[in-house]
Amino acid sequence: MLFIVISLFAVFVNGKLCNNPELATADDFFFSGLLTPRNTSNPLGSNVTAVNVVQIPGLNTLGISLARIDYAPYGLNQQHTHPRATEILVVLEGSLYVGLVTSNPDNRLFTKVLYPGDVFVFPVGLIHFQFNVGKTNVVAIADLSSQNPGVITIANAVFGSNPKISTDVLTKAFQVDKNVVDHLQAQFWWNNNN
């Protein structure tokens, strides 16, 4: 008697399913449209177009991804962090005020105004931002050292969590009145990451 055992299992790496290499196609390694400017008509005036393992499954385990960031005049890519990646940003068009804050206890702010061809590095896990200081649109490309870098937008996480963080916790942490916390939690916290 012959027994055939079929094993049905999936291998997950970095939280993503690994595709069977024999079933891979060119589309697993392809993304189109990065040259297309994105809509920045939102409260932040920016739009992040991520190209990571979600858009290109073939990136899984390779430790790289990128994003195009479009900024309207005075547009902001608000304070955020990438828990699993260092970011290196290059400005292609316009001028961009960028900054990062080091960790406790110093919390030092490092800033620079970047012009086309300039590059700035944001180390893994540090809070950073980019702000268009000019009167024209800005385009930048960010390369990240993970296929799944993650993003935690500080204002969204603290004041827009679901369920809400206790007002008692936030008033004590920020040393402000309850009305200030209530006002901030009532805002719509825009997500410019697409």
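Suppose the chain between K112 and S41 were pulled fully straight at 0.36 nm per residue; how much longer would it get relative to their current alpha carbon spacing?
23.0 nm
How about K172: which lysines have a C-alpha closer than 20 Å to its C-alpha, ignoring those fewer than 8 places off in the same chain?
Correct list for K172: K164.
How would Y115, Y71 line up by accessible area, probe 1.4 Å, largest first?
Most to least solvent-accessible, the answer reads Y115, Y71.
Can you compute the charge dipole magnitude of the stretch 57-194 about its Cα centre, using +1 on each Lys and Arg Cβ and -1 on each Asp and Glu Cβ, nothing else charged? Give it in debye, rounded to the nearest 20.
120 debye
Can you pull the percent of the chain's accessible area that's carbon plus sulfur, 1.4 Å probe, other chains left in place?
61 percent
Excluding same-chain residues fewer than 8 positions from K112, which lysines have a Cα within less than 30 Å of its Cα?
K135
If you roll a 1.4 Å probe over the heavy atoms of the protein chains, what accessible area per residue do you get for the stretch 139-194, in Å²?
In whole numbers, the stretch 139-194 has 60 Å² accessible per residue.
Can you give me the distance in nm between label points at N20 and N104, each placed 7 Å from the Cα along the Cα-to-Cβ direction?
Simple spin-label model gives 5.0 nm for this pair.
Points 7 angstrom from Cα along the Cβ direction at S32 and I64: gap in nanometres?
Modelled inter-label distance: 2.2 nm.
The values are calculated or read from the model by the stated rules, or taken from the named source; none is laboratory data. Quick caveat, the model's predicted, so the values are computed rather than measured. Positions of Cβ are backbone-derived with ideal geometry, glycine not excepted, and every protein chain shown enters the neighbour counts. Heavy atoms of the whole protein, side chains included, go into the accessibility calculation; ligands, DNA and RNA do not. Shrake-Rupley method; radii C 1.70, N 1.55, O 1.52, S 1.80 Å.
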